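Down below is the structure, laid out as structure tokens.
The values are calculated or read from the model by the stated rules, or taken from the named source; none is laboratory data. None of these values were measured; they are calculated from a predicted model. Backbone-built Cβ (ideal geometry, glycine too); neighbour counts: all protein chains shown. All accessible areas refer to the heavy atoms of the entire protein, side chains included, with ligands and DNA or RNA removed. Shrake-Rupley method; radii C 1.70, N 1.55, O 1.52, S 1.80 Å.
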Amino acid sequence: MVSAVQTSKEQTVEAILYDGILRLRPENLPPRLLQIKWSVQVDRIERRNQLANKHIAEQYEFFTGHGLQPLLLKGQGLAATYANPSHRVCGDIDWYFERKEELALARLQLTRLGVPKLLEGSQVYFWKESELDLHDRLFDLYNPFSKKNTEAVEKRFSGYNGNARRKADSNIGSSSSGIAGCGTYS
């Protein structure tokens, strides 16, 4: 069992495995001490997700307040598809900007606000306790055989300000942390 726990940590699915372990019959459960340690770690993951969701709402409000239309990519956006979204290990927060001018404005506004970059020359910022990564590409694949197909899909999804934009806005607006009342970076 310990090797399964270690592997789940390495693959960042320990809270998801924990959910499965809780479905076992009592006689098949891991030792009590392991259950307690595991439960504490799952609680940390849940708290980290709450903080990330709060930061996402703040960042979305910040960007839209400057006339930008970001799209949340990967990570926390995909967590909504999990049986228990708060059990997905959160990494950085990725935002996509359709036009390079929007990306440049986002970077400028973050700099004006005093949000530090993680590394000079990168597009990764440190928003409070969360890493914030800016993207100007929906797909970042390096396989030359898939490049043509990827470009076609990206072209199809560019101009996402229709139904996908309204759906993304409503999802963020209905999150537990919400947008209204979120503070500014400080």
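What pairs in LYS54/LYS155; LYS74/LYS155; LYS9/LYS74; LYS128/LYS155; LYS74/LYS128 have C-alpha atoms more than 29 Å from each other?
Working: LYS54/LYS155 31 Å; LYS74/LYS155 19 Å; LYS9/LYS74 20 Å; LYS128/LYS155 34 Å; LYS74/LYS128 20 Å.
Over 29 Å apart, Cα to Cα: LYS54/LYS155; LYS128/LYS155.
Answer with one residue from TYR82, ALA57, LEU17: the one whose Cα lies farthest towards the positive end of the charge dipole of region 1-95, charges on Cβ with Lys, Arg +1 and Asp, Glu -1.
LEU17
Output the relative contact order of region 22-94, whole-number percent, from Cα pairs under 8 angstrom with separation of 6+ residues.
Relative contact order for region 22-94 comes out at 35 percent.
First compute the accessible area of region 1-143 with a 1.4 Å probe, then give the percent of it belonging to carbon and sulfur atoms.
Ligands and nucleic acids excluded, carbon and sulfur give 54 percent.
Amide H neighbours of GLU131 under 5 Å, counting only residues 5+ apart in sequence or on other chains, H built in-plane at 1.01 Å?
ILE93
Counting only heavy atoms of the protein chains, get the accessible area per residue of region 17-139 (1.4 Å probe) and round it to a whole Å² value.
55
Would you please give the FRET efficiency between THR64 and GLU27, computed as 1/(1 + (r/R0)^6) with r the Cβ-Cβ distance and R0 = 45 Å, to the nearest 0.05?
0.25
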